[in-house]
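K.L.:
Submitted below is the structure of interest, expressed as C-alpha cells.
The values are calculated or read from the model by the stated rules, or taken from the named source; none is laboratory data. These numbers were taken from a predicted model, which means no experiment stands behind them. All Cβ positions, glycine included, derive from the backbone under ideal geometry; neighbour counts span all protein chains shown. For the accessible areas, the whole protein counts, side chains as well, though only heavy atoms, and no ligand, DNA or RNA atoms are used. Shrake-Rupley method; radii C 1.70, N 1.55, O 1.52, S 1.80 Å.
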Amino acid sequence: MPTEVLLVEDSPGDVRLTQEAFREANIAIKLHVAEDGVEAMEFLRREGVHADAPRPDLILLDLNLPRMDGREVLALIKADDKLKSIPTVILTTSEAEADIVKSYHLQANCYLSKPVELEVFEGLVKSINEFWLTRAKLPKVWQIT
Amino acid sequence: MQNSISHDSDARYRGLLEAAPDAMVVVNGTGEIVLLNLQAESRLGYRRDELVGQKITTIIPEGFAERLLADGTRSAATALAQQIGTGIELSALRKDGSAFPIEIMLSPLESDDGILVTAAIRDITVRKAAEQHLVQTEARYRGLLEAAPDAMVVVDEGGEIVLVNAQAEKQFRYRRDELLGKTITSIIPQGFAERLAADAQRSAEDAMAQQIGTGIELTACRKDGSEFPIEIMLSPLRNDEEVLVTAAIRDISARKLAEVQLQLKIDELSRSNEELAHFADIASHDLQEPLRMVSSYTQLLARRYKGKLDSDADEFIEFAVDGASRMQRLIQDLLIYSRVGTKGKELLDTSSERAFQLAVGNLGGVIADSGALVTNDPLPDVCADEIQLIQLFQNLVANAIKYQKPGVPTVHVSAARGPENKWMFSVKDNGLGIEPHYFERIFGMFQRLHKREEFSGTGIGLAICKKIVERHGSTISVASQVGEGSTFSFGLAASTQT
C-alpha cells in the first residue's frame, strides 16, 4: 500500500517544489494536492469529486489559503473523530509567534517554517519523510471502536 | 464794626469759640474778620489784632466767597446740619506766605449787625498727605499693572472686577469701564472661584511664589462670546479693609495650538514610523516568496541541466542563481535591520562578558577557519538587550576577522569607564584598516568598500551595529590606520546595579 500524503497548498510553485523534493526523498509516496481549505475538507470527507479519495497517512497544511484558511481546516480536522488521528504538520512561510502558538493550540502535530534555501527545503522534506512516514508508528485502523 | 456785638453775647460766644478744636473765624457780611480763636492764631501765625478787621481773603484767598454764596442760598438749618467732615476743601495762607490745605464748614450767626458767618477751619495737611500717599501707591500699582505683559484683573472678595490693565481690555475686547463692576465669572465663567478657594488655603508667600508658567489652565470668554484658553496666576493684595485678588491672565491660544500641532506631528511621525517598520517586515516577507520560487527553480535548473545545454546556458543559469541568492541575503539582512527597532527587547542588566562569549561561540567555525586569535579583557555588566548585544559583538568580531591581511588575525575587546555612567567598548583588530574618508560611509546601509569577489556580504553588518548602538542611546565610531588595523568604539549604559 503506497504512503498517501495530502498537501494543502495554493501556490503551484510550492506544490511542484514539494513534489520534486518528495520524489528525491521517497519515490513510493503518493502526494495528493488540495488547493484550498474547502477542497482539503472535501478530500478528507470524500465528498464530490473526492468520493474515492484515500485516507491520507499525513497532512501537510499551509496556513494562508484562499476560501478556508489552514487554521480553520486544522480546527475541523482536530474536532472530527474520524480525522483527528491523522498527523497534521503545518508547513508555512509564516514565522509569526502568534501563528505557531495558535497552531499548537489547535493540536497541530508539528509546526515547520518553509526554508528559503532550496537545499534546506529538500532536507526538511527528507526529515518529514524520515520521521513521520518512516519512524513514527501511525494507526492502521482509524475507525473508533 | 468789630465791636458792635453786644458785650454779653460777645463774651459767651468767645468762650465757645475758644473751646472749639478747630480754628474758628467769624466774618461779617462784607467779608471782614470780626472774631477769631486761639487755634486760628496759632494755625495761621497771626496775632489776633493783626487779623481782626482784615478781609477773609487774607487767610483764605480763594473759594471762601463762592462758598459763602452757595451756603447763602440754603437755609441756616441746612447749613448747620452740614458736618465738618463733609466740608469743602480749600487752601489757607499763613502770615509767612506758606499755604496749607483746609476743610471749612460755615454756619450763619444772627447778630445785631446782621448775619455773621462762623467758619470752622480744619487743617487737613496730615490727611492730605495720607491721601496723596495712597494716590501715589495706587498710581505705582497701576503702573505695574499696565507694565505687566499679561492681562491683569483685580477682583474684590465679592468677585467684582475693581481694576484692569490695557492688556485685559485688549484680550477680552471690553472697554475698561465695561469691565469694572462686572463679576469675574463674566470673563472667566468657570474655575476661578475654585481656584481662589484653593489659593486661599495657602499663605500669601506661597501664592506669590507661584510662577505663571505653573498656573492652572482655564477658559476665558471675550465680549463677543468667543472663548480662548488661558493660564491664570492669583496673588492676594491686602489693604486695611479687604483682600483683593490680582489675577494675571495669559492667553495661551498660541501655545495650545502649538501643542496640538506638535502632538499631531508626533502622531503622524510615529504612524509613519510604524508603517515603515511594518512595510519593511511585509516587504521582506512578501518579496521573499516569489524570490524563493526564482531561487529554488534556478537551482533546480542548474542541478538538472548543467552540462546538458550549451556553455552560455550554464553561465546564464549561474548568474540567475547568484543574483537570486544575493537578493535573498539582502532581504534577510533588511529584515534583521528593521527588526532591531521593531522587535527589540527591553534594556535590562546584562553581562557583556557573557554576550561576548556567546557571540564568539556563534562564530566558532569562522574563527577556527581563519585561525584568528580573539581575546578580551574582563567585560562589565551593562544595560542592554542581550540578543542585540550578542549580534553587535558577532558582527564586529566577524568583520574584524573578515577584512584581514596575511598573518594571524587578532581581535581584542575591552571596556573602560566613560562619561555619563557609560562603558566605552573597543573592538580592536590588526586587519586591513580603513581610509579616513570611509569612516562615516561604512555605517551606511549596503555600503561596501571592496569588490564582491574579494569579500562577500551585503554591506549591512555595520549598519545593523549602528542601529543597535543607537537604540541603546549611544553612538559607534571607528578609528583606523590603513595597514595597521581598526578599532570600533561604542558606549553602553552601565548596569543599574553598579
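K.L.:
Starting from residues that are open to solvent by less than 30 Å² (accessible area, probe 1.4 Å) and under 52 Å from the mean Cα position of the chain (by Cα), keep the ones in region B:356-371 and report whichever is farthest from the other protein chains (Cβ to nearest Cβ).
P.N.:
B:Phe356
K.L.:
Consider only pairs whose beta carbons are under 6 Å apart and that are at least six residues apart or on different chains; among these, list those whose first residue lies in region B:281-310 and is at the interface with another protein chain (Cβ under 9 Å from one of its Cβ atoms) and whose second residue is not in a helix (DSSP H, G or I).
P.N.:
Note: pairs meeting the criteria are B:Arg292/A:Val116.
K.L.:
Quick check, is B:Phe316 more than 14 Å from chain A (Cβ to nearest Cβ), surrounded by fewer than 17 Cβ atoms within 10 Å (Cβ to Cβ), at negative phi and among the aromatic types (Phe, Trp, Tyr)?
P.N.:
Against the criterion (more than 14 Å from chain A (Cβ to nearest Cβ), surrounded by fewer than 17 Cβ atoms within 10 Å (Cβ to Cβ), at negative phi and among the aromatic types (Phe, Trp, Tyr)), B:Phe316 qualifies.
K.L.:
Here's another thing I want to ask about it. Considering only residues that are farther than 15 Å from A:Asn26 by Cα and more than 10 Å from every other protein chain (Cβ to nearest Cβ), look in region A:114-141 and name the one that is modelled with the lowest pLDDT.
P.N.:
Only one residue fits best here, namely A:Val141.
K.L.:
Name the residue that is nearest to B:Gly323 (Cα to Cα), counting only residues in region A:96-130 that are of a type in the set (Ser, Thr, Tyr) and crowded, with 17+ Cβ neighbours inside 10 Å.
P.N.:
Result: A:Tyr111.
K.L.:
B:Asp267 - would you say it is within 14 Å of chain A (Cβ to nearest Cβ), over 27 Å from A:Ala21 (Cβ atoms) and of a type in the set (Asp, Glu)?
P.N.:
no
K.L.:
Further, regarding this structure: Out of (1) away from every other protein chain (no Cβ under 14 Å); (2) in contact (Cβ under 8 Å) with a residue 24 or more places away in the chain; (3) open to solvent by 50 Å² or more (accessible area, probe 1.4 Å), the odd one out for A:Met41 is which?
P.N.:
Of (1) away from every other protein chain (no Cβ under 14 Å); (2) in contact (Cβ under 8 Å) with a residue 24 or more places away in the chain; (3) open to solvent by 50 Å² or more (accessible area, probe 1.4 Å), only one is false for A:Met41: (3).
K.L.:
Considering B:Pro108, B:Pro149, B:Pro101, which residue is out of contact with any Cys (no Cβ under 8 Å at 6 or more places or on another chain), part of a loop (DSSP other than H, G, I, E, B) and surrounded by fewer than 19 Cβ atoms within 10 Å (Cβ to Cβ)?
P.N.:
B:Pro149
K.L.:
Hey, any hits in region B:345-355 for a residue that's open to solvent by 50 Å² or more (accessible area, probe 1.4 Å) and at pLDDT below 85?
P.N.:
Yes; the residues of region B:345-355 include at least one that is open to solvent by 50 Å² or more (accessible area, probe 1.4 Å) and at pLDDT below 85.
K.L.:
Now for a different question. Only residues that are small (Gly, Ala, Ser) and in contact with a Ser or Thr (Cβ under 8 Å, 6 or more places away or on another chain): list them for region A:93-145, please.
P.N.:
A:Ser94, A:Ala108, A:Ser113, listed by residue number.
K.L.:
Also, quick follow-up: How many of the residues in region A:1-21 are away from chain B (no Cβ under 14 Å) and in contact with a strand residue (DSSP E or B) (Cβ under 8 Å, 6 or more places away or on another chain)?
P.N.:
Selection size over region A:1-21: 7.
K.L.:
Moving on to the next point. Against the definition (surrounded by fewer than 16 Cβ atoms within 10 Å (Cβ to Cβ), among the charged types (D, E, K, R) and within 14 Å of chain A (Cβ to nearest Cβ)), how does B:Arg329 come out, yes or no?
P.N.:
It is true that B:Arg329 is surrounded by fewer than 16 Cβ atoms within 10 Å (Cβ to Cβ), among the charged types (D, E, K, R) and within 14 Å of chain A (Cβ to nearest Cβ).
K.L.:
Hey, any hits in region B:121-130 for a residue that's in contact (Cβ under 8 Å) with a residue 60 or more places away in the chain, open to solvent by 80 Å² or more (accessible area, probe 1.4 Å) and either in contact with a Ser or Thr (Cβ under 8 Å, 6 or more places away or on another chain) or within 30 Å of B:Arg43 (Cα to Cα) (or both)?
P.N.:
yes
K.L.:
Condition first: open to solvent by 20 Å² or more (accessible area, probe 1.4 Å) and of a type in the set (Asp, Glu). Now tell me which residues in region A:1-35 satisfy that.
P.N.:
Hits for region A:1-35 are A:Glu4, A:Asp10, A:Glu24, A:Glu35.
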